[in-house]
């Protein structure tokens, strides 16, 4: 787990609990609520104590309970947190967590069918009551759904899947693109301050409903200013910035500046020193901000150099609801994004995609998938151009290249 990990099972990101074996005492949707679990003793409904979590009835027959979760954004999961806060005499004895990768928008019945391959992320493991039970995950594949199983029954307050977003490039091609959006693969690398709320909120989907949906820093008592460093979804050019202070009335920043850099080396690969070794340029010069306002700024084309990272600076402190950076990926940026997606597809999902989108199946598809990770676009391009895969004709090679590299 890294500092830039986000909760892929966040309801704010669009995650949902789409089915559960039982939810007699506590609704399954409580698992993904954003706020910390609460508890008010001796608050009874007609089924018993009202709980802030998912709680099943007591089992009187062999078996176990489960819940299916659609991730808000597909990605690689680094850790799973099974939070049993306030469940003391009624928490499950054990749990396990599995994941799968599915095309489109499958129903619960389709996900539970025999044709779906589930990977074990967390083996059957003991749980502690009233605790954040954290389990590291070693599988670096990209998944879309989770299955939480509890043994034999009981209550779980929250489920979190911490990791990194890996977007599907097929859904980004030919569309206006927010290069910093979390659901498109944008990431917070570092920030000067996270006192009141995290900067990841700024790149979440939708509009902020309340001040707590944005990023807010503590009050500065020095001559400095606050900032956030972002990695974009891919290398691209930014044409418009939206700096949104909605819901921030007495604590909006006075001004904001956006700077960019290209942190790749001369060959177009990621520089191991990252943005520290890059030359920064100004995309948005210091712009005066108003409280509770959605500011839209056109970026001067002369300033819109290729960027892989941006640094937002607010002066001196305060809060922002959202940051949007609209633009387009470069050819290299699209290729790198597509390859990262293809490299991290589980094997069965990679074969499904190659067959459905490119008409490639059988041994050539299996050999292409088995050669992953390719890591660099030129390696995959060379393989597709060399005719080394039997049965891969020029037409299908072009389809694969367009799918993965754009």
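The values are calculated or read from the model by the stated rules, or taken from the named source; none is laboratory data. Here the structure is a predicted model, which is why all the values come from computation and not from measurement. Please note: Cβ atoms are built from the backbone with ideal geometry, for glycine as well, and neighbour counts cover all protein chains shown.
Listed here are the residues, each with its yes/no results for (1) over 22 Å from residue 127 (Cβ atoms); (2) at pLDDT below 95; (3) in a loop (DSSP other than H, G, I, E, B).
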residue	(1), (2), (3)
57	no, yes, yes
97	no, no, no
104	yes, yes, yes
109	yes, yes, no
For segment 258-291, which positions are more than 27 Å from the chain's Cα centre (by Cα) and modelled with pLDDT of 85 or more?
279, 281, 282, 285, 286, 287, 288, 289, 290, 291
Pairs under 7 Å by beta carbon, first residue in the same structural domain as residue 34 (by TED's automatic domain parsing) in segment 1-15, partner at pLDDT below 90 and surrounded by fewer than 21 Cβ atoms within 10 Å (Cβ to Cβ), six or more apart or different chains?
10/34; 11/34; 12/34
Taking into account only those residues within segment 214-247 that are farther than 16 Å from residue 311 by Cα and touching a helix residue (DSSP H, G or I) at 6+ places or on another chain (Cβ under 6 Å), which is surrounded by the fewest Cβ atoms within 10 Å (Cβ to Cβ)?
247
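Can you go through 380, 403 and tell me which one is at pLDDT 90 or above, assigned to a helix (DSSP H, G or I), touching a helix residue (DSSP H, G or I) at 6+ places or on another chain (Cβ under 6 Å) and within 26 Å of residue 184 (Cβ to Cβ)?
Numbers: 380 fails: touching a helix residue (DSSP H, G or I) at 6+ places or on another chain (Cβ under 6 Å).
From the options 380, 403, the qualifying one is 403.
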Residue tally, condition surrounded by fewer than 13 Cβ atoms within 10 Å (Cβ to Cβ) and either in the same structural domain as residue 341 (by TED's automatic domain parsing) or at positive phi (or both), over segment 91-139:
1
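With 167, 199 as the choices, which residue is crowded, with 16+ Cβ neighbours inside 10 Å and without any contact (Cβ under 8 Å) to a residue 40 or more places away in the chain?
Values: 167 fails: without any contact (Cβ under 8 Å) to a residue 40 or more places away in the chain.
After ruling out the rest, the residue left standing is 199.
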Residue selected from segment 335-349 under the condition more than 18 Å from the chain's Cα centre (by Cα) and in contact (Cβ under 8 Å) with a residue 40 or more places away in the chain, by the criterion surrounded by the most Cβ atoms within 10 Å (Cβ to Cβ):
335
Provide a single number: the residues in segment 207-232 that are closer than 9 Å to residue 318 by Cα and out of contact with any strand residue (DSSP E or B) (no Cβ under 8 Å at 6 or more places or on another chain).
2
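Residues 294, 324: which one is surrounded by fewer than 21 Cβ atoms within 10 Å (Cβ to Cβ) and either free of Cβ contacts under 8 Å to residues at least 60 places away in the same chain or not assigned by TED's automatic domain parsing to the domain that holds residue 200 (or both)? Step through it out loud before you land on a result.
Details: 324 fails: either free of Cβ contacts under 8 Å to residues at least 60 places away in the same chain or not assigned by TED's automatic domain parsing to the domain that holds residue 200 (or both).
Answer to the selection: 294.
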Sole exception among (1) in the same structural domain as residue 213 (by TED's automatic domain parsing); (2) free of Cβ contacts under 8 Å to residues at least 60 places away in the same chain; (3) not in a helix (DSSP H, G or I) for residue 276, by number
(3)
Go through segment 26-39 and report how many residues are farther than 23 Å from residue 212 by Cα and either within 21 Å of the chain's Cα centre (by Cα) or part of a loop (DSSP other than H, G, I, E, B) (or both).
1
